[in-house]
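K.L.:
To start, I am sharing the structure in question, which I have written as structure tokens.
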Amino acid sequence: MPPYLLRHLATAQAEVSDHCHATLAIDERMRTTRLAPPAAPQALAGPAGPAWTVHTAQNGSSLPGTPVRAAGEPDSGDAAVDEAATGIAGSLALFSEVYGRDSYDGRGAPVSLTVHYGRNYDNAFWDGTQLVFGDGDGRVFGRFTRPVDVLGHELTHAVTEHTAALEYAGQPGALNESMSDVFASCLKQRLLGQSALEADWLIGEGIFLPGVAARALRDMAAPGTAYDDPAIGRDPQVGQMADYVDTTDDNGGVHLNSGIPNRAFQLAATAIGGSAWEGAGAIWYAALTGGQVGARTDFAGFAAATVAAAGAQADAVRDAWAEVGVTAGVSGPAAPTTPGPGSAGTRVAVRRTGGFAGLTMAGEVDLTADDPRGGEVRTLLDRIDLATVRRGLPQPDHFVYDFDLRGRRAVVPEQHLTDDLRRLVELLLEGGRSR
């Protein structure tokens, strides 16, 4: 989820606000030890093991949960399980049959998926080990397994991790997000049998429930037009370098600025013609895996890699990037700036950004006010030493927390939250608001 969809949800109505907090509470309890080495899933694969297994968390937070359906088995009758099965089978087939890639690691790693994660959980993510999907809050968001491209999006995060390993911040992070949307769209179009010209280029179509003025989460052809509703606000994605958003939210606006390379792909795919997965998709995959793209590659660097991989279609690819304001090989804006020092005093605050669909929340406590949370907040502050907290980059589609603890500032990815920081976030966001 991108970081901006909760900007209005928390204040839209009490029921939606409660569901936002429920999602937060589940995320705070996520374990911090999910970063497995890339070879670990391969080591678990037996010679006769299934290519994928779908589990249910039964609305809890323990992973992977109870296995329900594996590759080769019939429908389970559980909509989320069977949607996940369809999506992962199609995603693996795309990478295998079109690009010759054996699972996300290229070595046949089995894929573990978990559905029914948490209660009212508005997110989906790849945690370095497996794919996880919530059921939505039942008011704004429905099941995150329903749009097949959400499955493709999350699996592609795993592919990117095992190939270019694009850092999840600034322009590399926006490229990371865009790679997931690119191959998610290729998956959707392939399953529907659509050409690039016939496709609607929507990501997450059907994830919003009836009554929400939204066509999808993102529109690759027209970033910034996917939704406009009082409950979720207006789609803030950008599609031109002239509108590049320089922010510390969402690790430098990785979901906002991914609209720029998304539109470049859509333009290239329609200019090349035919199927997106065989045309522009093959070029993008060759660029991602060809060795020219590394952890800190920016838009211009990736554009250069796609032009180099395009062969006879080089002019079409170059023109697509130029249309969105990116010149191959010429760097643009830098990665996000680091938050400056906070103001010392009595204010304790946190901003939560990131997530697949944009759940941004903020909350604070003034220690001089008559606030029932004040006593426990002071106790936690006495124990928290920000200097010892791991920082680094977040995992794709996880939340990021920007703390201001009486002037002490830190940005901490979800997987590195300590127990005390998790509890502090729960307290601060009890009365949280969208911003």
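Every number in this text was worked out from the coordinates using simple rules, so none of it is lab data. Note that the structure is a prediction, hence the values are computed from the model and not measured. Cβ coordinates were reconstructed from backbone atoms using ideal geometry, including for glycine residues, and neighbour counts include every protein chain displayed.
K.L.:
Whole number please: convex hull volume per residue of the Cα set in the stretch 31-162, in Å³?
P.N.:
It is 103 Å³ per residue.
K.L.:
Same structure, new question: 5 Å is the cut-off here: which amide hydrogens, built 1.01 Å from N in the peptide plane, fall below it relative to ARG234, excluding neighbours closer than 5 in sequence?
P.N.:
Hits under the 5 Å cutoff: ASP229.
K.L.:
Next question. Taking the mean number of other Cβ atoms within 10 Å as a proxy for protection, how do you rank 208-215, 278-285 from highest to lowest?
P.N.:
Packing proxy ranking, top to bottom: 278-285, 208-215.
K.L.:
Taking θ = phi - 60°, what integer Hz values does the Karplus form 6.51 cos²θ - 1.76 cosθ + 1.60 yield along the stretch 185-196, in sequence order, with x for Gly and Pro?
P.N.:
5, 4, 4, 4, 5, 5, 5, 8, x, 9, 7, 4
K.L.:
Something else now. Taking the mean number of other Cβ atoms within 10 Å as a proxy for protection, how do you rank 53-65, 361-373, 144-156 from highest to lowest?
P.N.:
Listed from highest to lowest mean packing, they are 144-156, 53-65, 361-373.
K.L.:
How would SER103, SER180 line up from fewest to most surrounding beta-carbon atoms within 10 angstrom?
P.N.:
So the ranking, lowest neighbour count to highest, is SER103, SER180.
K.L.:
With θ set to phi - 60° and the Karplus curve 6.51 cos²θ - 1.76 cosθ + 1.60, what are the ³J(HN,Hα) couplings of the stretch 277-289 in order, to the nearest whole Hz, using x for Gly and Pro?
P.N.:
Going residue by residue, I get 6, 8, x, 4, x, 5, 5, 5, 5, 4, 5, 5, 10 Hz, with x marking Gly and Pro.
K.L.:
Could you pull out every residue, at least 5 positions away or on a different chain, whose amide H is within less than 5 Å of the one on ARG409? Hs are placed 1.01 Å off N in the peptide plane, and Pro or chain starts have none.
P.N.:
GLY342
K.L.:
Which distance in Å, rounded to a whole number, links the C-alpha centroids of the stretch 144-190 and the stretch 250-279?
P.N.:
About 11 Å separates the Cα centre of the stretch 144-190 from the one of the stretch 250-279.
K.L.:
Could you run the Karplus curve 6.51 cos²θ - 1.76 cosθ + 1.60 with θ = phi - 60° over the stretch 150-165 and give me ³J(HN,Hα) per residue in whole Hz, x for Gly and Pro?
P.N.:
Working through the residues one at a time gives 5, 4, x, 4, 5, 5, 5, 4, 5, 4, 4, 4, 8, 10, 6, 6 Hz.
K.L.:
Let me ask another. For THR114, what residues show an amide H to amide H distance below 5 Å, using hydrogens built from the backbone and excluding near sequence neighbours?
P.N.:
HIS55, LEU131, VAL132, PHE133
K.L.:
Kindly rank 73-80, 229-236 from highest to lowest mean number of other beta carbons found within 10 Å of each residue.
P.N.:
So the peptides 73-80, 229-236, ranked by packing, come out 229-236, 73-80.
K.L.:
Rounded to two decimals, what is the ratio between the C-alpha radius of gyration of the stretch 347-431 and 2.2 N^0.38 Å?
P.N.:
1.05
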